[in-house]
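Q: What follows is a single structure, and I will ask about it in a moment.
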Amino acid sequence: MSRILTVAAAQLGPIHQADDRASVVSRMIALMEQAKMRGADFVVYPELALTTFFPRWHYEDRAQADRWFETAMPGPQTQPLFDRARELQIAMNFGYAELTPEGRHFNSSILVDKTGRIAGKYRKVHLPGHAEYDPSRAHQHLEKRYFEPGDLGFPVWAFEGGLVGMAICNDRRWPETYRIMGLQGVEMIVLGYNTPTANGHSSTETLADRLFHHRLSVQAGAYQNSTWVVAVAKAGVEDGHALFGGTLIAGPDGKIVGELDHEEDGLLVHACDLDATRFGKETIFNFAAHRRVEHYGLITSRTGSGAPLGRAV
Ligand code: CDT
């Protein structure tokens, strides 16, 4: 018997600075209700789903950005989302800015099961961008100013009948993200993103180029680890700043099984057969049979690229 996890990728359109949490939560609940009607077991929302993509704004005083962070999860404004998920018996994943009781700031994502219990938390490891205002950029991307790198690694959880892991946005561009979860047998990776439509460093990179790199990264991660990957955008123009869409689901053979073609709130629903991950895991990507860890040391001993290892023979 196949193990089917029907997932709804719930793309959010733009969230402006003036949009309050209550209005965003009601949009998320509307998508959740549609997802349930379409047979979904699991609804997946984007990175920083509750707010505008605030790292584009420079606050001289970092504490001014704290208004975008959640100090409790669920908190008073997110409780209705948890309540509705429990009533509908639907699992969910969403990203948010986390401010811990110790005053630490993370770009986080949680798995919430059908009973409304937080079953897993991930904190974004690969923070892109910069920490100080950079006038050479067309737009700012200050994740390194407002967050510290995640400290929880890339765990995989037994969740809703499968093995599920999380990543956030820029993490999808790094093969290590997927492989660490692949080594735990992951069957579905859920990841939300906020990706600017333009490259702040390059005026020649097109939207098509950027969508190509997005798909390339997700499809490669799915194929090379024989896992489903559910990639969900926050999209559209937020206070004049464009984010691309491209919400998609990639299967364990790396092929895209569905993709949204707009930048508004919307759903992409797919019945994912978790047992379809077995073939790749037992053949070409049978890690136990084929990996050669004795040659992979540089992956963890060296961060940036350095001197070549080649010697005359
Ligand atoms: N949110 C996020 O991680 N966005 C990055 C943009 C990188 S450009 C500084 C991404 O990889 O999509």
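The values are calculated or read from the model by the stated rules, or taken from the named source; none is laboratory data. Worth saying up front: this structure is predicted, and the values here are computed from it rather than measured. With ideal geometry, Cβ positions are generated from the backbone for all residues, glycine too; neighbour counts draw on all protein chains shown.
Q: Quick check on the range 196-217. Is at least one of its residues under 27 Å from Phe54 (Cα atoms), assigned to a strand (DSSP E or B) and modelled with pLDDT of 95 or more?
A: Scanning the range 196-217 turns up at least one residue that is under 27 Å from Phe54 (Cα atoms), assigned to a strand (DSSP E or B) and modelled with pLDDT of 95 or more.
Q: Turning to a different aspect of this structure: Given the conditions (1) in contact (Cβ under 8 Å) with a residue 40 or more places away in the chain; (2) under 22 Å from Gly120 (Cβ atoms); (3) more than 16 Å from the ligand (Cβ to nearest atom), and given that Gly150 satisfies all but one, which numbered condition is not satisfied?
A: (3)
Q: Let me ask another. If a residue counts only when it is of a type in the set (Ser, Thr, Tyr) and free of Cβ contacts under 8 Å to residues at least 12 places away in the same chain, which helices (runs of 4 or more DSSP H) contained entirely in the range 218-313 have at least 1 such residues?
A: The helices (runs of 4 or more DSSP H) meeting that bar are 297-301.
Q: If you scan the range 167-212, which residues turn out to be among the aliphatic types (A, V, I, L, M) and either within 14 Å of the ligand (Cβ to nearest atom) or without any contact (Cβ under 8 Å) to a residue 12 or more places away in the chain (or both)?
A: Listed by number, the residues that qualify are Ala167, Ile168, Leu191, Ala198, Leu207, Ala208, Leu211.
Q: Another question, if that's okay. State the number of residues belonging to the range 121-131 that are surrounded by fewer than 16 Cβ atoms within 10 Å (Cβ to Cβ) and more than 16 Å from the ligand (Cβ to nearest atom).
A: So the answer is 0.
Q: If you go through the range 171-183 one residue at a time, how many are part of a helix (DSSP H, G or I) and closer than 17 Å to Ser109 by Cβ?
A: Qualifying residue count, the range 171-183: 7.
Q: Every residue in the range 9-23 that is crowded, with 20+ Cβ neighbours inside 10 Å and among the aliphatic types (A, V, I, L, M), please.
A: Ala9, Ala10, Leu12, Ile15
Q: Might you let me know whether the range 103-120 holds any residue that is more than 15 Å from the ligand (Cβ to nearest atom), among the basic types (Lys, Arg), in a loop (DSSP other than H, G, I, E, B) and surrounded by 16 or more Cβ atoms within 10 Å (Cβ to Cβ)?
A: yes
Q: Being assigned to a loop (DSSP other than H, G, I, E, B) and among the aliphatic types (A, V, I, L, M) narrows it down to one of Val164, Val186, so name that one.
A: Residue meeting the stated conditions: Val186.
Q: Could you list all residues from the range 12-58 that are in contact with a Gly (Cβ under 9 Å, 6 or more places away or on another chain), in a helix (DSSP H, G or I), of a type in the set (D, E, K, R) and within 23 Å of Val230 (Cβ to Cβ)?
A: Of everything in the range 12-58, just one residue is in contact with a Gly (Cβ under 9 Å, 6 or more places away or on another chain), in a helix (DSSP H, G or I), of a type in the set (D, E, K, R) and within 23 Å of Val230 (Cβ to Cβ), namely Arg27.
Q: So which pairs qualify, if the first residue must be in the range 46-62 and within 16 Å of Gln11 (Cβ to Cβ), the second must be of a type in the set (Gly, Ala, Ser) and part of a loop (DSSP other than H, G, I, E, B), the Cβ gap must be under 9 Å, and the two must be at least 6 apart or on different chains?
A: Pro46/Ala235; Thr52/Ala18
Q: May I ask you to verify whether Gly258 is buried (at least 16 other Cβ atoms within 10 Å of the Cβ) and either under 19 Å from the mean Cα position of the chain (by Cα) or at pLDDT 95 or above (or both)?
A: Considered against the rule, which asks whether it is buried (at least 16 other Cβ atoms within 10 Å of the Cβ) and either under 19 Å from the mean Cα position of the chain (by Cα) or at pLDDT 95 or above (or both), Gly258 comes out as no.
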